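Visitor: Here it is: the structure, laid out below.
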Amino acid sequence: GESVGLHLPTLSVQEGDNSIINCAYSNSASDYFIWYKQESGKGPQFIIDIRSNMDKRQGQRVTVLLNKTVKHLSLQIAATQPGDSAVYFCAENNPFGGNNNDMRFGAGTRLTVKP
Amino acid sequence: SQTIHQWPATLVQPVGSPLSLECTVEGTSNPNLYWYRQAAGRGLQLLFYSVGIGQISSEVPQNLSASRPQDRQFILSSKKLLLSDSGFYLCAWSSFGTGNQPQHFGDGTRLSIL
């Protein structure tokens with residue numbers, strides 16, 4: 001299943017299917033992006049990051065794709081499991097933020113995995 | 001490995017009472033430290049950040065203040081809480097310096113003002 005960031009804030013998939021969560025970022029000068037997972041009542045957990053000199057990066061069961069032309073970021077989760085149910089949000093850096101690693105965060109997409 | 005601790009996990013306070021939330025980081029030196037507020041269904045709002053002891057930058061005008069008395073300790077305070085201060089407060093750290101580094105979050109404090 002697919003979701004388009006803020007326009008479709010919820011995504012429901014069957015266990016075992018692949019999930020695609022999308023994010024549109026705002027600043028064409030941003031050069032560093034992160035995906036976070038946030039479970040209910042917990043803080044955001046770092047999943048994967050990507051720098052602008054790459055268009056794809058893979059982790060364990062996750063892949064992040066970056067399309068700088070259209071300022072779009074996606075997170076693909078392979079073989080989605082019930083434990084993947086959470087809110088996922090992307091973050092982009094402020095390239096003019098100096099040494100404070102300033103990041104801007106999206107509101108997120110809620111992923112629900114049905115058994 | 002680095003860890004970040006926030007406490008308390010939940011807090012219920014009356015309007016007009018003071019506030020002190022504490023955050024500590026272990027396993028790293030001279031981190032950048034951050035306080036965020038997260039409203040339901042909204043993105044994280046940066047409240048304060050610090051790049052060193054005693055150095056605090058405020059992002060938004062508000063009823064809150066922050067302090068960094070030690071390298072790995074970050075405190076969020078208020079002298080008199082307002083109803084609008086209710087929310088989920090998150091502390092985060094990242095490695096110091098230029099060059100992009102991820103921010104790592106604690107598990108937050110759920111603050112309810114009555």
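Visitor: If I take R0 = 25 Å and measure r between the Cβ atoms of A:SER26 and A:ARG51 in this structure, what FRET efficiency does the formula 1/(1 + (r/R0)^6) give, to the nearest 0.05?
Guide: Between A:SER26 and A:ARG51 the formula returns 0.90.
Visitor: With θ taken as phi - 60° and the coefficients 6.51, -1.76 and 1.60, list the Karplus ³J(HN,Hα) couplings across the stretch A:72-88 in order, rounded to whole Hz; mark glycine and proline as x.
Guide: With coefficients 6.51, -1.76 and 1.60, one gets 10, 10, 9, 10, 10, 10, 8, 6, 4, 10, x, x, 7, 4, 4, 9, 10 Hz.
Visitor: Right, another one. Could you work out the mean count of beta carbons from other protein chains within 10 Å of each residue's beta carbon in A:38-48?
Guide: 5
Visitor: Go through the stretch B:82-88 residue by residue and turn each phi into a ³J(HN,Hα) via Karplus (6.51, -1.76, 1.60, θ = phi - 60°); whole Hz please, and just put x for glycine and proline.
Guide: Along the stretch B:82-88, the couplings run 10, 4, 6, 7, 4, x, 10 Hz.
Visitor: Each residue of the stretch B:7-14 in turn: what ³J(HN,Hα) in whole Hz from Karplus with 6.51, -1.76, 1.60 and θ = phi - 60°, glycine and Pro shown as x?
Guide: Whole-Hz 3J(HN,Hα) from phi for the stretch B:7-14: 7, x, 6, 9, 8, 10, 10, x.
Visitor: Here is a further query. Between rounded, prolate and oblate, where does the stretch A:2-114 land on the alpha carbon gyration tensor, with a ≥ b ≥ c its root eigenvalues, rounded for a/c under 1.5, else prolate if a/b exceeds b/c?
Guide: Numbers: a/c = 1.86, a/b = 1.61, b/c = 1.15.
Prolate shape, in that a/c is at least 1.5 and a/b is the bigger ratio.
Visitor: Once amide H atoms are placed 1.01 Å from N in the peptide plane, what residues at a sequence separation of 5 or more from A:THR112, or on another chain, have their amide H within under 5 Å of its amide H?
Guide: Answer set, sorted by chain and number: A:LEU11, A:SER12, A:VAL13.
Visitor: Shape verdict for the stretch B:11-113, please, from the Cα gyration tensor: rounded (a/c under 1.5), prolate (a/b greater than b/c) or oblate.
Guide: Prolate, because a/c is 1.5 or more and a/b exceeds b/c.
Visitor: Can I ask one more? In whole percent, and with a 1.4 Å probe on the protein chains, what portion of the accessible area of the stretch A:5-63 is carbon and sulfur?
Guide: Ligands and nucleic acids excluded, carbon and sulfur reach 43 percent.
Visitor: Let me ask something else. Kindly count the pairs of lysines across chain A whose alpha carbons are less than 21 Å apart, treating pairs on different chains or eight or more residues apart as eligible.
Guide: Within chain A, the lysine pair count is 5.
Visitor: Give, in nm to one decimal, the length gained when the segment between B:ASN63 and B:ALA40 is fully stretched (0.36 nm per residue of separation minus the Cα-Cα distance). Numbers along the way, then the final one.
Guide: Details: separation 23, 0.36 × 23 = 8.28 nm, distance 1.98 nm.
Taking 0.36 nm per residue and subtracting the Cα distance, the gain is 6.3 nm.
Visitor: How about the stretch B:31-58: which of its residues lose at least 40 Å² of accessible area in the presence of all protein chains relative to their chain isolated, using a 1.4 Å probe?
Guide: SASA drop of 40 Å² or more in the stretch B:31-58: B:LEU44.
Visitor: Next question. Express the accessible area of the stretch B:1-53 per residue in Å², computed with a 1.4 Å probe while the remaining protein chains stay in the model. List each step's numbers first, then the result.
Guide: Numbers: 2460 Å² over 53 residues.
The answer is 46 Å² per residue.
Visitor: Another question about this same structure. Could you sort the peptides B:69-77, A:49-57 by per-residue average Cβ neighbour count (10 Å cutoff), highest mean leading?
Guide: Ranked by mean Cβ neighbours within 10 Å, highest first: B:69-77, A:49-57.
Visitor: Rounded to the nearest 20 debye, what is the charge dipole size of the stretch A:2-114 about its Cα centre when +1 sits on each Lys and Arg Cβ and -1 on each Asp and Glu Cβ?
Guide: Result for the stretch A:2-114 is approximately 60 debye, rounded to the nearest 20.
The values are calculated or read from the model by the stated rules, or taken from the named source; none is laboratory data. Keep in mind it's a predicted model, so treat the numbers as computed, not measured. As a convention, Cβ positions derive from the backbone with ideal geometry for all residues, glycine included, and neighbour counts pool all protein chains shown. Protein only, heavy atoms only, side chains kept; ligands, DNA and RNA dropped before computing areas. Shrake-Rupley method; radii C 1.70, N 1.55, O 1.52, S 1.80 Å.
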